[in-house]
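The values are calculated or read from the model by the stated rules, or taken from the named source; none is laboratory data. Note that the coordinates shown come from a computational prediction; the quantities given were computed from them, not determined experimentally. Don't worry about glycine lacking a Cβ; one is built from the backbone with ideal geometry, like all the others, and counts go over all protein chains shown.
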Amino acid sequence: MLLKDKNVLITGASRGIGKEIARRFIEEGATVWGLSTRPSEGARELAAFAEGRGTAFHELIADIGDPSSVQPVVAGAVEESGGFAVLVNNAGITRDGLSFRMKLEDWNDVLRVNLTGTFLVTQIVSGDMIRKRSGSIINLSSIVGIHGQGGQVNYAASKAGLIGYTKSLAKEVAGRGVRVNAIAPGYIETEMTGVIPEEAKKAWLESIPMKRPGSVTEVANAALFLASDLSLYITAQVLGVDGGMGA
């Protein structure tokens, strides 16, 4: 029970990697607040799962990239919960396309959700962590934020920005007992990767030394490590969960 009696906030917790992180944390005793843009079946499943394990999952609804929407919701959750021991910034969207054809709206939307949304949520939650001199913040970046990916200039820029944000924030708050790390998944089987054409999937698999995609559980286990006391002396790091793809 690595997270027993700890309060956790996870953005984008209703599906994919975020949902699995929430499930894994609940298994380890955490009470989880999940922030999503709309009510979902995934949140209802997590609530039932948590109830069966003697803890709870609370659904929060807000537009993460809109300060007027997300700030009061997160501030209210901090007050209601008494503060969060762990924050996982997982919410993210894609609007893929070649850069010379990309609409400014698609560029702005991805940066607004993936990068600005992380800043808005973290600014509120980290303030409470700093006062308590304890906490772990985990930002979900991506291998494309390190190595780039054609057709994803907006997504790659947002994920690269998260790495710079992670390292800078970690240096600001390390002396206050707050750790900040990032996870950079490679090719992970999710709903998002399910729409990738088969030829592209085959090319990706050939570039992975382990010759297989990763699972959401493998990313969730990495998040559990960074959230727990097993990683107390680790901060400002980017943990690749990519089967060696980024080596």
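Data for the structure
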| quantity | calculated |
| --- | --- |
| Any hit, the range 67-81, residues being more than 17 Å from the chain's Cα centre (by Cα) and in a loop (DSSP other than H, G, I, E, B) | no |
| Tally, over the range 189-207, of residues that are surrounded by fewer than 19 Cβ atoms within 10 Å (Cβ to Cβ) and assigned to a loop (DSSP other than H, G, I, E, B) | 6 |
| Evaluation of Q149 against (1) at pLDDT 95 or above; (2) in a loop (DSSP other than H, G, I, E, B); (3) more than 23 Å from L87 (Cβ to Cβ) (one fails), failing number | (1) |
| Counted residues, the range 191-226 - those being polar (S, T, N, Q), closer than 25 Å to E27 by Cα and over 14 Å from the mean Cα position of the chain (by Cα) | 1 |
| I138, sole failed condition from (1) surrounded by fewer than 23 Cβ atoms within 10 Å (Cβ to Cβ); (2) within 26 Å of E218 (Cα to Cα); (3) of a type outside the set (F, W, Y) | (1) |
| Residue in the range 163-175 that is surrounded by fewer than 16 Cβ atoms within 10 Å (Cβ to Cβ) and touching a residue at least 40 places away in the same chain (Cβ under 8 Å) present | yes |
| Qualifying positions in the range 54-66 - part of a loop (DSSP other than H, G, I, E, B), touching a Leu at 6+ places or on another chain (Cβ under 9 Å) and β-branched (V, I, T) | I64 |
| Residue within the range 227-237 that is within 15 Å of the chain's Cα centre (by Cα) and outside any strand (DSSP E or B) present | yes |
| Residue check, E27 over 26 Å from Y187 (Cβ atoms), crowded, with 16+ Cβ neighbours inside 10 Å and of a type in the set (D, E) | no |
